[in-house]
Amino acid sequence: MTKFLAVERAIRGAAPYDLLDTARTAVITHYGALYVDLLMADYSLQVLQPVTVMPHTAPPLPVHSTPEGRAFASQEPYGHTVTDEGAVDLFLPVTVRGDRLGILSVRLPDEHCTPEAVEELTALAEILGYAVVVADRDTDIYLQARRATRLTLAAEMQWQLLPGRACSRAEYTIGAQLEPAYAIHGDNFDWAATAETLTLTIMNGMGEGIEASLLTNLAVNALRNARRAGIDIADQAALADQALYAQHRGEQYVSALLLSFDLETGRVQAVDAGSPQLWRQRGRTVEQIPFEAQLPLGMFEETDYVAEELQVLPGDRLLFVSDGVYAALSESGESYGERMLSRAIREARLLPAAAVPRAVLQELAGYLKADLDDDALVVCLDWTGRKPKG
């Protein structure tokens, strides 16, 4: 434990740009490691990229066919014996509250690779993840390492708006993904939690490029401003609607689905202001959950919004999708539609929430037989619910 505390102190005291070198030196010194590296998951969650000196990273590793990717997908430590060196490569998830950032790779001599060492290094990888999140405020090193290619300016703006790609809490687990990851335009999602509630927003902004990103940016911040004022989601929608209309006079607008979950009871307040769809998997049944369609945010002046109620039960899986998923057209002009989407949800039933959006989007790309050229957004929420007291 003394070793653990020494490395933890070193990580917490490191300068943001020197975080990896400090962690590497401390793990080598206190655990006898032969090699330490940090790999960040790219925006598309398809490769893991080693953090190196800017502006370049070392060659990326595929998520789906490497030991590092196995640890990333399973979110469990994975050891790989290096037979010709008498050592073990440990691949440890770097994850912050369910948001999968990457993998810490540590090579240990066989004699040092004890269960206690693996347990402590696994915990240190999580601590390193928290330090990376904080460091992102002051350095671009870790954000730059997440890029397999350059982002468009519109995508840069959209990714900076997001709360993360996953979130885990006792009552729920969320996973989300945007595609095409390096050229997204107007789709977005947002969430925020208190001790008693979860607010989740799915948005589908109109337009392309910078214009779409600016529109979505205004919508996201208008909703956050209203939410942080402590008002309900119907009034949040109304205030965001006013902000968008005041700026664009109805020429541009945002489709949105707003939901507020009561963590104690599973009751949900929902405002459907546009095109994002909600699908529910309950047991073996997969079905779309319809709401009363209301006007998109910013289409008309001073629109009144009304919240509807929904009940979620422990074990429910909720899928939120933008029209870039369910309305995507194949080469023959056929819509992806309800049947294919329902099948994709069923096929992903055994995956954790964080992995579901990527799986659904891969199914969509396979159906289209091409890379996505329109924004496609999938958010998965697995509801556990709150255990009864006593």
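Please treat every number below as a calculation from the coordinates, not as lab data. None of these values were measured; they are calculated from a predicted model. Using ideal geometry, Cβ is built from the backbone for each residue, glycine included, and neighbour counts are taken over all protein chains shown.
A full extension of the chain between Ala293 and Arg137 corresponds to an added length of 52.3 nm, given 0.36 nm per residue minus the alpha carbon distance. Label separation (Arg346 vs Arg97): 3.6 nm, computed from points 7 Å beyond Cα along the C-beta direction. In a reduced charge model with +1 at each Lys and Arg Cβ and -1 at each Asp and Glu Cβ, segment 78-199 shows a dipole moment near 540 debye about its Cα centre. Could you tell me whether segment 1-116 comes out rounded, prolate or oblate from its Cα gyration tensor? Rule is a ≥ b ≥ c as square roots of the eigenvalues, rounded for a/c under 1.5, then prolate if a/b exceeds b/c, otherwise oblate. Cα axes put segment 1-116 in the oblate bin.
With helices as the sole contributors, the chain gives -10500 deg cm²/dmol at 222 nm; each DSSP H run of n ≥ 4 counts as -39500 (n - 2.57), and the sum is divided by every residue. Close amide H contacts of Val47 (hydrogens built in the peptide plane, cut-off under 5 Å, sequence separation of 5 or more or a different chain): Asp42, Val63.
About its Cα centre, the dipole of the chain is roughly 800 debye, where the only charges are +1 on Lys and Arg Cβ and -1 on Asp and Glu Cβ. Classified by the C-alpha gyration tensor, segment 174-238 has an oblate form. Its axis ratio a/c, with a ≥ b ≥ c, is 1.5 or above, and a/b does not exceed b/c. Ranked by how many other Cβ atoms sit within 10 Å of their own Cβ, fewest first, the residues Asp18, Asp241, Asp84 fall in the order Asp84, Asp18, Asp241.
Measuring between their Cα centroids, segment 49-99 and segment 307-343 lie 33 Å from each other. Of the peptides 203-213, 65-75, the ranking by mean beta-carbon count within 10 Å, highest at the top, reads 203-213, 65-75. Remark: segment 203-279 carries a charge dipole of roughly 160 debye about the Cα centre, counting +1 on each Lys and Arg Cβ and -1 on each Asp and Glu Cβ. Along its principal axes, the chain has C-alpha extents of 67, 53, 40 angstrom, given from the largest down. Shape of segment 283-343 from the C-alpha gyration tensor: oblate (a/c of 1.5 or more and a/b not above b/c, with a ≥ b ≥ c the square roots of its eigenvalues). Among Ala246, Leu178, Trp279, flag the residue with its Cα farthest along the positive direction of the charge dipole of the chain, charges on Cβ as +1 for Lys/Arg and -1 for Asp/Glu. Going by the charge dipole, the pick is Trp279. Applying a length cut-off of 20 Å (Cα extent along the axis) and a mean Kyte-Doolittle floor of 0.5 to the DSSP H helices of the chain leaves 115-135. Residues Val271, Val53, Val88, arranged from fewest to most other Cβ atoms within 10 angstrom of their Cβ, appear as Val53, Val88, Val271. The H on the amide N of Val378, modeled in the peptide plane, is under 5 Å from the matching H of Gln177, each at least 5 residues off or on a different chain.
One decimal place: the segment Glu309-Thr197 gains 38.9 nm when fully extended, by the rule 0.36 nm per residue minus the C-alpha distance. Database remark: amide H of Val88 closer than 5 angstrom to the amide H of Val82, Leu108, Asp110 (H placed geometrically; neighbours at sequence offset of 5 or more, or on other chains; Pro and chain starts carry no H).
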